[in-house]
1. Which residue fluctuates the most in the chain, going by a Gaussian network model with Cα springs under 10 Å, if the choices are 156, 283, 234?
2. Taking H placed 1.01 Å from N in the peptide plane, check which residues at least 5 places from residue 151 or on another chain put their amide H under 5 Å from its amide H.
3. Between 238, 228, 146, whose Cα lies farthest towards the positive end of the dipole of the chain when Lys and Arg beta carbons carry +1 and Asp and Glu beta carbons carry -1, centred on the Cα centre?
4. Could you work out which residue, out of 308, 61, 199, moves most in a Gaussian network model of the chain, that is, has the largest mean-square fluctuation with Cα springs under 10 Å?
5. With point charges of +1 on the Cβ of Lys and Arg and -1 on the Cβ of Asp and Glu, referenced to the Cα centre of the chain, which listed residue (343, 60, 20) lies farthest in the positive direction of the dipole?
6. What is the percent of Cα-Cα separations in region 195-278 that go past 17 Å?
7. What is the spin-label model distance, in nm, from residue 305 to residue 108 if the labels are put 7 Å beyond Cα along the C-beta direction?
8. How far, in nm, would the chain grow between residue 54 and residue 285 when pulled straight, counting 0.36 nm per residue and subtracting the alpha carbon separation?
Amino acid sequence: MESRAAHFFSEIDQLRAKLLNNVGVMTDWQRAEKEINHFDSAIGLQMSSRQSVTTIRSDCPSSVTKFAQILKILSVIYRLVQSNSYATKRDIYYNNTKLFGSQKAVDSIVDDISCLLKVPRRSLHVLATSKGLISGDLCYMEEDGTRIDCNSSSTAVSVSSNISGIKNIVSSAKFVMIIEKDATFQRLLDDDFCTKLSPCIIITGKGVPDVNSRLMVKRLWDELHIPIFALVDADPHGIEIMCIYKYGSVAMSFEAHSLTVPSVMWLGLLPSDLQRLRVPKDALIPLTKRDESKLCSLLERPYLTSQPEWEKEMKLMQQNKVKAEIQSLTAIAPDFLTQIYLPNKLRYGGWI
């Protein structure tokens, strides 16, 4: 049984060895990065050095409200740091809903302050409410001493709201798999995927990932140095979500070094898989004008020059003018995803 498992994970073990060889090099690149550029292959999307300045005045009718909002949030942050306590952005909003007007106003100002001071949002003691879920061969301790066990096969654990406070991480996982959608994540749980194919860890940000989900993936990479795969829909939206984990987002580019994992590999669903597996045509969806525009935008991004295989897959999608959700694999067989597709992909190195 043991030798059989070793054979199953041989491709993944080879990938891990290759990634470990690059860890030192990537770290050196990060240390050597003196200037802030739009994109760095070892870190991800970066802030532009061409900065713009916005003036907020207290004596100007058009900006007096914004000025008051900034002062209020700065005072809240000061109290949090002084008392060594934490609050969510939601807490701050409900502290004075009349002043802020909307949650979006709070979110924007907190990000601006973080960027202005050049510190992560967690250093301001402001946390975001997590929406992500995680399951698999993983145990750790929260900052308050609570022991978290993600090993249950039927339920998932909410991603922590304070990733930097996590300690004593214990795992024998061979890989981490990022799942784009909650529905696919739940399907893997229902099919006991982590038990049958253990040891592994699966995590979902339920679509476009929140900061905590991204931080957790980054933390798992930093602690475990095991391969990280992405399972997303074969469509422009899924590809963009995968790129956020791997290369970051423009909105959070000032925190790219703490949020991105450049080693993320695209496991599926690949556009070429649709042809190779002969996915029924009625399970495929024509690309919309918006999809085509998004695809063109993705192909123009600088990081695609270092990913020719990704580029090839995206051009194939562009050429065939169809997309597909992961659930389209059920058109082949109800349990095709968990019983055949993923095991074969992982066993024979079907990632790019």
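1. 283
2. It is 136, 138, by chain and number.
3. Checked the options; the winner is 238.
4. Checking each option, the largest mean-square fluctuation is seen for 61.
5. Going by the Cα projections, it comes out as 60.
6. 49
7. 3.4
8. Extra length from residue 54 to residue 285 when fully extended: 78.8 nm.
The values are calculated or read from the model by the stated rules, or taken from the named source; none is laboratory data. Just so you know, these numbers come straight off a predicted model, no measurement behind them. As a convention, Cβ positions derive from the backbone with ideal geometry for all residues, glycine included, and neighbour counts pool all protein chains shown. Quick note on the areas: whole protein, heavy atoms, side chains included, nothing else; ligands and nucleic acids left out. Shrake-Rupley method; radii C 1.70, N 1.55, O 1.52, S 1.80 Å.
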